[in-house]
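Down below is the structure, laid out as structure tokens.
The values are calculated or read from the model by the stated rules, or taken from the named source; none is laboratory data. Just so it is clear, the structure is predicted and the values come from calculations on it, not from any experiment. Neighbour counts run over all protein chains shown; Cβ positions are idealised from the backbone, glycine included. Surface areas here come from the heavy atoms of the whole protein model, side chains and all, with no ligands, DNA or RNA. Shrake-Rupley method; radii C 1.70, N 1.55, O 1.52, S 1.80 Å.
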Amino acid sequence: MVMDFLLPSPPKSWSADKTSAFHAKITAPVNASIQPAGRHFLAHARRHIHSRTFSEDEKATNEAEAAAKAANGTTQDDSDLGDEPEDPAMLRRDPKDWKDQDQYAVLGLSALRYKATEDQIRRAHRRKVLRHHPDKKAASGGLHDDGFFKCIQKAFETLMDPVKRRQWDSVDPAVSDSVPNAKSKGDFYKLYAPVFLRESRFSNTQPVPQLGNAESSQEEVESFYDFWYKFDSWRTFEWMDKEDGEGHDSRDDKRYFEKKNKAERAKLKKEDNQRLREIVDLALSIDPRIKIFKEQANKQRNAKKREKEEAEKKAAEEAAAAAIAAEAAAKAAEESEKAAREDGKKNKELLKRAVRKEKKNLKALIKDNNYFLPAGQTPGPVEVEKQLELLDALLDGAKGLDQLEAVRKTLEDGVKSGNIAEIFKAEVAKRS
């Protein structure tokens, strides 16, 4: 290896022929008491006492300094956090069991719990750090016990992480899950409004419609129950995992425990959905507004039913009257038609009689007037037969009574005028 830099010049006592050189005499040994000192030693001692790594110690020191600066700077009003007394048993808690601790109680936020804002969590954490920081205890002559301080840090880390906080809030044992039953006495709205308000914190959809009161409209009530029957919950149950796959080196073991935990979460989720459904079912079954709405709906249905029945009755009566009228009209029309037929039949018969009479008259007229032959001609059998055939042809050509009457009158006029033979021939030619 070639190093490209210059070495310092050797001392004057150095000689290339000698492997070593003495520049001074060694002093006689003495016994001395050495005491460790300095900020580096103090940092080492602090890490050793609290069993911290370099990064953990640096993080704790920075947080303590930040809290101290904040406390020495502006005075902040923490009255909204309350002054919750600390349980001695909680102060002695083993930090290894931090997952089983009440995360809100550790920070003094038992009264706020899931309603606590991030700012309130930060201020509560600062207040606890100022009170329980190990350096402060050591400076005041206390024991170097940082167990509860570690619990504080774990609670702060949990509640400042949105995912972990949701996991904790989902199973927070300090939040009651009690629900009134169907036999619970008291005002319905006072009993159930807090229940739905408490459950609404798990909704993915915000804002959540609340129970309302006796003055709520039917639309509002129906919208409320429709929302809760379709409730979309973010509640999760990872916090209750019994087996931690991270503690196993085997990938198969990790997968096994993760699968087991996932199945347990799904079971708890299903049970929670069923629990919420039963709450909504129970509230719906005893909601006094629903009873009122049903009664109003029944009245409306009955009124519509009565209106429909009356309309049907009126329509039936009108239909019956119309049927009677139609029957009477049909009967009258039938009778009229029958009468018309009879009249027509009579008229037809009369017409036939009149036609026969006219034909008879014409036949009599031809017989009485020399069979319409010229004057002076005596009719023989042949002439008679011929003249009668011509008369039959004339009668067949004359259509109807009117024409027969007209023929008769024309022939009568011909008889009177003396030229019946010519007129007869003309009429035959005209109508044959």
Lys, Arg +1 and Asp, Glu -1 on Cβ, resulting dipole of the chain about Cα centre, debye, nearest 20: 440 debye
What FRET efficiency comes out for residue 336 versus residue 384 if R0 is 51 angstrom and r is the Cβ-Cβ distance? Round to the nearest 0.05. 0.50
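Past the 23 Å Cα-Cα mark, which pairs from 346/367; 338/359; 164/259; 348/416?
On the way: 346/367 31 Å; 338/359 31 Å; 164/259 20 Å; 348/416 33 Å.
In this structure, 346/367; 338/359; 348/416 lie more than 23 Å apart at Cα.
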What is the extension gain from residue 131 to residue 59, computed as 0.36 nm multiplied by their sequence separation minus the C-alpha to C-alpha distance, in nm to one decimal? 24.2 nm
Taking 30 Å as R0, compute the FRET efficiency from the Cβ-Cβ separation of residue 368 and residue 346 and round it to 0.05. 0.40
Please compute, for the alpha-carbon atoms of the chain, the extent along each of the three principal axes and give them in descending order in Å. 212, 81, 48
What's the angle, to the nearest 10 degrees (0 to 90), between helix 54-72's Cα axis and the longest principal axis of the chain? 80 degrees
Over 27 Å between C-alpha atoms is what I'm after, so list which of 115/254; 59/242; 357/425 land there. 115/254; 59/242
Once Rh for the stretch 25-131 is found with the Kirkwood sum over Cα pairs, what is the Stokes-Einstein diffusion coefficient at 20 °C and 1.002 mPa s, in µm²/s? 124 µm²/s
On a 0 to 90 degree scale, rounded to 10, what angle separates helix 400-417 from the longest Cα axis of the chain? 20 degrees
Translational diffusion coefficient (Stokes-Einstein; Kirkwood radius from C-alpha pairs) of the stretch 247-304 at 25 °C, 0.890 mPa s, in µm²/s: 159 µm²/s
Placing +1 on each Lys and Arg Cβ and -1 on each Asp and Glu Cβ in the stretch 254-390, then taking the dipole about the Cα centre, the residue among 344, 370, 382 whose Cα reaches farthest towards the positive end is 344
For the chain, give the percent of accessible area contributed by carbon and sulfur heavy atoms, probe 1.4 Å, rounded to a whole number. 53 percent
Using a Gaussian network model of the chain with C-alpha springs under 10 Å, which one of 97, 172, 343 is most mobile by mean-square fluctuation? 343
Going by alpha carbons, how many degrees (0 to 90, nearest 10) lie between the helix axis of 381-397 and the longest principal axis of the chain? 30 degrees
Just to confirm my numbers, what's the Cα centroid distance between the stretch 174-234 and the stretch 266-317 in Å? 19 Å
Beyond 19 Å, what share of the Cα-Cα pairs of the stretch 329-378 is found? Please give it as a whole percent. 56 percent
Under 30 Å from residue 305, Cα to Cα: lysines that are on another chain or at least 8 residues apart: 291, 294, 313, 314
If R₀ is 45 angstrom, what is the calculated FRET efficiency for the pair residue 51 and residue 298, using the beta carbon separation as r and rounding to 0.05? 0.05
Any idea how far the Cα center of the stretch 146-161 sits from the one of the stretch 373-430, in Å? 145 Å
